[in-house]
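The values are calculated or read from the model by the stated rules, or taken from the named source; none is laboratory data. These figures come from a predicted structure and were not determined experimentally. As a convention, Cβ positions derive from the backbone with ideal geometry for all residues, glycine included, and neighbour counts pool all protein chains shown.
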């Protein structure tokens, strides 16, 4: 993602009026009708942490080892920012107000903010948006956003210019109910002879093999990412484990996924020197969440990014963003057992359909033009490109440009795939019955999107993360997938 040009922040009152103006902007003819939108803007100089916050033990041995610091805490209580009883199933995706490539809602004179949006997953209406700025110039906008397994906390980060003029990678933990910041964190650690502050990239959440709620924060960009942090959202979002170069080396593009049973975390391994070598030997680190032992699976091209798992835990699919290939790993032998062309240039994210007969690869153009707007489709039985349309790959249309993640809608009756759009201003919805785009959901402030997740809420605000860019995250969804897979096998 490109850096943004310098711009002086407007006073907060003017900023808020500008954002209200953005909300009132018109929509294209293909956009769903929008419900009332809420913009929560928090800005100004950082406030010190509450008295005793640091002494109370938020910092752990692992947070210190990986360089994740608690910068400030906030009172995130307050009135409900949106009505969960009216919107029991929502899609949360990031938004950065940096797109100036044609969005009808973009205002080049508005200040930069970073945050996320909430969309009703049934009506496709925007319910709310939360944008943040903590008083520093934003220079890299949010890529990843996700929520805790119970839907209580949202996690989003960005890069800003520190007081020394250097990049400062920060993130906020947000109360989803009030859309207010609860914590501000910063990452900085020693890397290759100097201190480095990474930007938050992807976020995923899951339950581990012992049923404990976990959130993975993945820091960094390019082929030398990390470190990554595993938080306990039930224990004040404290760090329970840091995955650093001491654990996995070399650490590649920050894309990790948990296995369906939560016992393993798969971490991409890569480095610039691997991409430049004559024989590319990038790998995947399989990290055991019970004893933290690491098994390395090599032979996945030169730039592994997207990772997806079959419901039975037997196979893992990995895309090579530089070599435009996809690999199939046998999870028992920890060996690559098949590879094929992705059918798209620079694949990034990926997703299996409900019965796992098709694998959808997001053609971003990673490592080359970065303006891809297509999906590749792999037949998982033959492990070849599926010819489901007369012309392939599947063109997404709309503002599709540098698309990156594909997430299955949790209702199998809808049979939809929602695609995020890093250089456009819409989430693109694909009907998997026809393999054609059927809706374009605009961002409320003209920004772009990158990753996301579907969350179910009850009227009392208890919730559950169902799926995110790493696939199903709820046992109820895995059960549906198991039934669909068994049904597909019975038909053959």
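Computed values, structure above
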{"read-out": "Residue ranges of strands (runs of 3 or more DSSP E) in region 308-419 with at least 1 members closer than 18 Å to residue 430 by Cα", "value": "347-352, 358-363, 374-379, 403-408"}
{"read-out": "Answer from 446, 424 - the residue that is in contact with a strand residue (DSSP E or B) (Cβ under 7 Å, 6 or more places away or on another chain) and either in a loop (DSSP other than H, G, I, E, B) or within 18 Å of residue 154 (Cα to Cα) (or both)", "value": "424"}
{"read-out": "Odd one out for residue 243, checked against (1) modelled with pLDDT under 95; (2) within 22 Å of residue 316 (Cα to Cα); (3) buried (at least 22 other Cβ atoms within 10 Å of the Cβ)", "value": "(1)"}
{"read-out": "Any chance residue 110 is modelled with pLDDT of 85 or more and on the phi < 0 side of the Ramachandran plot", "value": "no"}
{"read-out": "Residue tally, condition in a loop (DSSP other than H, G, I, E, B) and either surrounded by fewer than 21 Cβ atoms within 10 Å (Cβ to Cβ) or touching a helix residue (DSSP H, G or I) at 6+ places or on another chain (Cβ under 7 Å) (or both), over region 456-492", "value": "7"}
{"read-out": "Whichever residue in region 59-74 is part of a helix (DSSP H, G or I) and touching a residue at least 24 places away in the same chain (Cβ under 8 Å) and, among such residues, is surrounded by the fewest Cβ atoms within 10 Å (Cβ to Cβ)", "value": "65"}
{"read-out": "Checking residue 370 against (1) buried (at least 17 other Cβ atoms within 10 Å of the Cβ); (2) modelled with pLDDT of 90 or more, the condition it does not meet", "value": "(2)"}
{"read-out": "Qualifying residue in region 228-244 (condition: closer than 20 Å to residue 302 by Cβ, assigned to a loop (DSSP other than H, G, I, E, B) and either within 18 Å of the chain's Cα centre (by Cα) or free of Cβ contacts under 8 Å to residues at least 60 places away in the same chain (or both))", "value": "no"}
{"read-out": "Residue match in region 132-148 (condition: surrounded by fewer than 24 Cβ atoms within 10 Å (Cβ to Cβ) and either free of Cβ contacts under 8 Å to residues at least 24 places away in the same chain or touching a helix residue (DSSP H, G or I) at 6+ places or on another chain (Cβ under 6 Å) (or both))", "value": "no"}
{"read-out": "Matching residues, region 249-268, being modelled with pLDDT under 90 and surrounded by fewer than 24 Cβ atoms within 10 Å (Cβ to Cβ)", "value": "249, 250"}
{"read-out": "Failed criterion for residue 438 (all others in (1) outside any helix (DSSP H, G or I); (2) touching a strand residue (DSSP E or B) at 6+ places or on another chain (Cβ under 8 Å); (3) crowded, with 21+ Cβ neighbours inside 10 Å hold)", "value": "(3)"}
{"read-out": "Pairs with Cβ under 9 Å, 6+ apart, first in region 286-297 and touching a residue at least 60 places away in the same chain (Cβ under 8 Å), second surrounded by 13 or more Cβ atoms within 10 Å (Cβ to Cβ) and assigned to a strand (DSSP E or B)", "value": "289/214; 289/230; 289/241; 289/258; 289/264; 289/265"}
{"read-out": "Within region 88-104, considering residues that are at pLDDT 75 or above and farther than 21 Å from residue 405 by Cα, the one surrounded by the most Cβ atoms within 10 Å (Cβ to Cβ)", "value": "88"}
{"read-out": "Lone qualifier among 214, 196 - being surrounded by fewer than 24 Cβ atoms within 10 Å (Cβ to Cβ), free of Cβ contacts under 8 Å to residues at least 60 places away in the same chain and touching a strand residue (DSSP E or B) at 6+ places or on another chain (Cβ under 9 Å)", "value": "196"}
{"read-out": "Which listed residue is modelled with pLDDT of 95 or more and over 23 Å from residue 88 (Cβ atoms), from 415, 433", "value": "433"}
{"read-out": "Count of region 206-227 residues which are touching a helix residue (DSSP H, G or I) at 6+ places or on another chain (Cβ under 9 Å) and in a loop (DSSP other than H, G, I, E, B)", "value": "5"}
{"read-out": "Check on residue 316, out of contact with any helix residue (DSSP H, G or I) (no Cβ under 6 Å at 6 or more places or on another chain) and at pLDDT 95 or above", "value": "yes"}
{"read-out": "Residue list for region 373-401, restricted to those being more than 11 Å from residue 419 (Cβ to Cβ) and under 18 Å from the mean Cα position of the chain (by Cα)", "value": "401"}
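Residues are listed down the side, and each one gets a yes or a no for (1) touching a strand residue (DSSP E or B) at 6+ places or on another chain (Cβ under 8 Å); (2) farther than 17 Å from residue 152 by Cβ:
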{"position": "203", "(1), (2)": "yes, no"}
{"position": "209", "(1), (2)": "no, yes"}
{"position": "222", "(1), (2)": "no, yes"}
{"position": "226", "(1), (2)": "yes, yes"}
{"position": "231", "(1), (2)": "yes, no"}
{"position": "234", "(1), (2)": "yes, no"}
{"position": "238", "(1), (2)": "yes, no"}
{"position": "241", "(1), (2)": "yes, yes"}
{"position": "245", "(1), (2)": "yes, yes"}
